[in-house]
Each structure stands twice: as C-alpha cells, then as structure tokens.
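The structure appears right after this line, and notes come after that.
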Amino acid sequence: MVELVKNSMLLLILISNFLLLMITIILLYRYSIKPYLQKKKPPEIQDHISPLYTINFTQLRTITEIMPFPMAITDNKGLLQYANLAFQTLTMGKSKGYKNTSIENIFDQPGDQTSVITYIQLSITDKTSDNIEYSISSNDNTVPVLLSFSPIQIDSSVYCMIIARDLSETEKYIEKIAHLQKLASIGTFAAGIVHEFNNVLTGIKGYSQLARKDYTNSEMLDKAFSIIESESQRGAELCKNMNYYSSSTKINPEPVMLNDIVDTVIALQNNYLSTEGIEISTNLQALPLVLVDKFQLQQVLLNLVINARHAIMPKGGGSIEISLSLVDEEIQFHISDTGIGIDRDNVKRIFDPFYTSKGVIGKSVSNYKIKGTGLGLAVSRSIIHKHGGSIEVTSIHGKGSTFTIKLPYKPAKQVTETDIQAQLTGIPSFESRNPLKVLVIDDEMPIREMLFRALTDMDIMVTLAKNAEEGLTQCKADNYDVIFLDYVLPEMNGDKLIPVIKEHSPSSKIIFISGWDSSPQKKKNLESSVHAWIDKPFNLTQILNCLNEISTIPLTH
C-alpha cells in the first residue's frame, strides 16, 4: 500500500514539475535569452552572472505574474521591487502594494535565526543559492514556508529572487504518509505485542487459579487481585498502543513518564534484539511527569531502534544505547548504535520522504534483506517538529550513528504516592444528594453484571439491557437519570441510538462506555449529545466519580 501511494505521488509530482519547468524555459527563452543573445553583453557584467538570469521588469512580470509558484524580487537592502500574485496571496496581503516594503516585515524572525536580509545579501554578492525555512503569521494563522534565494540581473542591476513554497500542504502530505507508515509498521513489532499479551494473560490466568485454589488465604487473595488488576492495566495500555497505529496523527499531549516509553519500546523489540545478538542499554535520568503525545513519541523511538538494529545487522552483533536527560529546561534523547553508520551524502538527505539509505525497497543491503520505505525518519521528524522540538543525526561511516531528539520541557501536574494508591486500591464512596436511576445498555454480560453488583451495593437503582432493542423498550417504559451506553451494539451502534433515547428520555445523562476507537475527533463530534465518554477497560473509580458529579446536578424524573 505504502509503495503504491509512493509511486503514484512521485509520478504526479514529476509530471507537474516537468510541465512547469518546460513552460518556464519556453517563456524565459522567448522573453529573455533570445533577445539577450541578439545583442552584445555589457562589459561591466561580463563575468558577473549567467545570461540565463538577465531580464527586465516588464519581461519578468509577463513571465511570472500568473505563475502558480510565489516569487518576489528584492534589492540588497531587502526592499521588495516586485511580487507576483501567488506571493501576495501566500503572504496574506503583507506584500500587497509591495514597492519598497521590507521583506523583514513579512516573514517571522526568531531571535536565533539568521536574518532574511543576510541571505539576500549573500545571494547577491556571492552569487549563491540557499533554501531556508521561515514562517508567516497573520492574526491566529501561521504558515510555514521554504524560501529559496538566488541572484538575478534585471536591466543593469543585480537583485535577489525569492521563491517561496508553502510547507503546510507538505506537512499534510507527511501526515498522510505517517498514517500509512504506522499501518505498515504494525507487522514489524506484532511479535512483540503478542509476546507481551501472552505474559499479561499468563499472570492473570495463573493468579486467578491460585486465588480459587486457596480462597481462604487473605494474603494470597490480596496478592492475586493486585496482580490481576495491574496486569489488566498493562493489557489495556497495549490495546491503546495498538489502537494508536490505526488512528489519526494529531498530537494529543498527556502526562507521561518518559522512562516508561523507553521501557515499552525495548519490550517490543527485545525478541528481535536477542535473536540478532544485539545488546541494548539505557542511561535514563528520572524525570517527573511531562506533557507529550505518548504514542507518537513511542513511534519515533521505535523507528530509531529499528533503524539501529538494521544498521548493526550487517556487522553481526553490536550495541544500542538510549539515554535521557534534562539539559537547560530541554529534554534530550540520544539513541546511539555501533552499526555501519551513514555516509556524508546520505546524512544530508536522511530525513527526506521516500529517501532511504537501505537501498531500493526490497533489495538487500550487505546481504541482509532489509526493506526501506524511506518514511520512518521523515515521519519521526514531523512528529518531533509538532512537539516544538528538533531531531538531528551525527554519524561516522563504518562506526555508528547517534540520533539526538530535543523537546521543550513541559512538566505536567505531578501525581503523589497517595494518588497512585487511591487509583490502585481506593474506590470512592457514593454520596448522592438525589436517588439515581441507572440503565446499562451493553451486550457483554460480565460488564452488565459487574456494574449491577457495584452500583446496587451503593443503593443505586440499576436496570440492565443486553441490546439496543431492550434498551429502547426500557427508555419508553421509564425515565432514567443516567444511561451507560455501549458504543458498539449488535443491532444499532450507540451513536445512532442517542436520538431515539433523547426522544423518550430527554433529561437522561448519557455516558458512553466503549472499547472501540475513541479518537479525540469522534469524541468532539458527540460531545453535545453525551455527558461523558469512558474508555474500556475502565475501573469503578471512573464510574463512581462520574456518578458523583452527576448526583450534584438537579435531576428531573
């Protein structure tokens, strides 16, 4: 799938670029090169610049005014002399009435970035070209752009030609590629997921049998229930992890222990590493909870570890080290390997989409059949940039590579030991100011019965329905304060059931309980129709916290 998309996209890009190039060459020849060749070159510019870049402003406007690519001309002080319509559109009107407008007033200028005017002057004096990333801001809109600076002679003076490219469309394209790359990468670590799930299930099954065998031993029961609960949570994290690889690529920061992410990545790759004779070590500073997108950062680290494995395999054994530290309010990851390294030419292009140092897709590298899609590092860079960070590589050919990730330090609200114990063992009491009537609509019998037992023990009136039809029958027969509604039901999904429920029980607070994809976008689409969304597997603390909140609201029976 990825290869098909890649080939199609590249073909379209090549065709469009070829047509654009041919049109430009024809127009340049008609209006610039041909007239120039028919007259003698002035001696003062004999060795200054190529005839191809000699033109006058009238010809320039004729050639570029309707061209789809944004283009502008400035003098050596950075004052605009010309901007075509595409450039004026891209700059959101900042270059309208462009004559002698300073280019510095158009593009954002971070304090640590070289001035636009510096690149303009270097282009004019040294007759060189540069490609630099900047951005344009207007109100709440910020557009990333890539600027290309080149010298051009117009009449008898030398100016700088700036070609701008809107990178926001490129980023959207990278996001789509990132999604495909995630799907393609599932097979890479599926064995690791299966291995982890088998470990989880073994712990749950074993301690369940021990508890049943020795149910009079309170110490054993407490130990068994603790293990079953912690292993269930571990399994839930694995499910959430796998679900991420089929969901969107938007950044969703949450409080995370970075060391746990590293541990998960190593666990997913341990089988491969031991089989290939590769040692992996860590040097991790103990950091507090920070706000990052857990699963996207995990994908980046997983990509880098997989790449490190592939780099080591041709040498037959080696080592990988992952380090984590906080330096000057900046989180730094270093992923180093003792592999074959990357040569200087490849280092420059290593983060480009579809560029791979592993050779053509499907071909072998050093007798090892390592397939390279050229997507992993491009996607990784996109993810890190969305976090406001950077990723770089240093490499010595034949000795190994080190990838460095830098992220802004964004501490999250810290969780105390008391909070953790409450989550593990504490179930909040339910003290309702109003008696609650609850309807549970779920096709899974264990979930219905568990909620029935837990809620009726707290004097909450509970009615159960095993499908949409039974749920609707109950809604027509009685009014309920709270309805726990499974998102996926045999006859009718929960989101389709909401309007019918509201028709018969408009005051009911609907709480979705779902093991299906509860993406932020899906939740947002339904937020006006439901009171809350609780992901499966949930715990009783989540259920009762939600009910305690609802019980403070005046209810209409």
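The values are calculated or read from the model by the stated rules, or taken from the named source; none is laboratory data. None of the values given here were measured: they were computed from a predicted structure. Neighbour counts run over all protein chains shown; Cβ positions are idealised from the backbone, glycine included.
Of all residue pairs spaced 6 or more apart or on separate chains, those with beta-carbon atoms under 6 Å, a first member in the range 296-314 that is within 12 Å of I405 (Cβ to Cβ) and a second member that is of a type in the set (S, T, Y) are V300/S380; N303/S380.
When you look at V393, is it at pLDDT below 80, in the same structural domain as N303 (by TED's automatic domain parsing) and more than 19 Å from L544 (Cα to Cα), yes or no? For V393, the condition - at pLDDT below 80, in the same structural domain as N303 (by TED's automatic domain parsing) and more than 19 Å from L544 (Cα to Cα) - is not met.
Across the range 61-70, what is the total count of residues that are buried (at least 22 other Cβ atoms within 10 Å of the Cβ) and not in a loop (DSSP other than H, G, I, E, B)? Spell out how you get there, then give the answer.
Within the range 61-70, the subset buried (at least 22 other Cβ atoms within 10 Å of the Cβ) is 64, 70.
Next, only the ones that are not in a loop (DSSP other than H, G, I, E, B) stay: 64.
Adding up the residues that qualify gives 1.
Looking at L497, is it part of a helix (DSSP H, G or I) and under 40 Å from the mean Cα position of the chain (by Cα)? For L497, the condition - part of a helix (DSSP H, G or I) and under 40 Å from the mean Cα position of the chain (by Cα) - is met. Can you spot a residue in the range 301-320 that is modelled with pLDDT of 90 or more, among the β-branched types (V, I, T) and not assigned by TED's automatic domain parsing to the domain that holds P537? Checking the range 301-320: at least one residue is modelled with pLDDT of 90 or more, among the β-branched types (V, I, T) and not assigned by TED's automatic domain parsing to the domain that holds P537. Among the residues of the range 271-303, the ones that are closer than 26 Å to N198 by Cβ and more than 14 Å from the chain's Cα centre (by Cα) come to 12 in all.
Listed here are the residues, each with its yes/no results for (1) surrounded by 17 or more Cβ atoms within 10 Å (Cβ to Cβ); (2) hydrophobic (A, V, I, L, M, F, W, C); (3) at pLDDT 70 or above.
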| position | (1), (2), (3) |
| --- | --- |
| I340 | yes, yes, yes |
| V347 | yes, yes, yes |
| I350 | yes, yes, yes |
| I370 | yes, yes, no |
| G374 | yes, no, no |
| S380 | yes, no, yes |
| H387 | yes, no, yes |
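Of the strands (runs of 3 or more DSSP E) entirely within the range 248-327, those holding at least 2 residues that are not hydrophobic (A, V, I, L, M, F, W, C) occupy 254-256, 278-284, 318-327.
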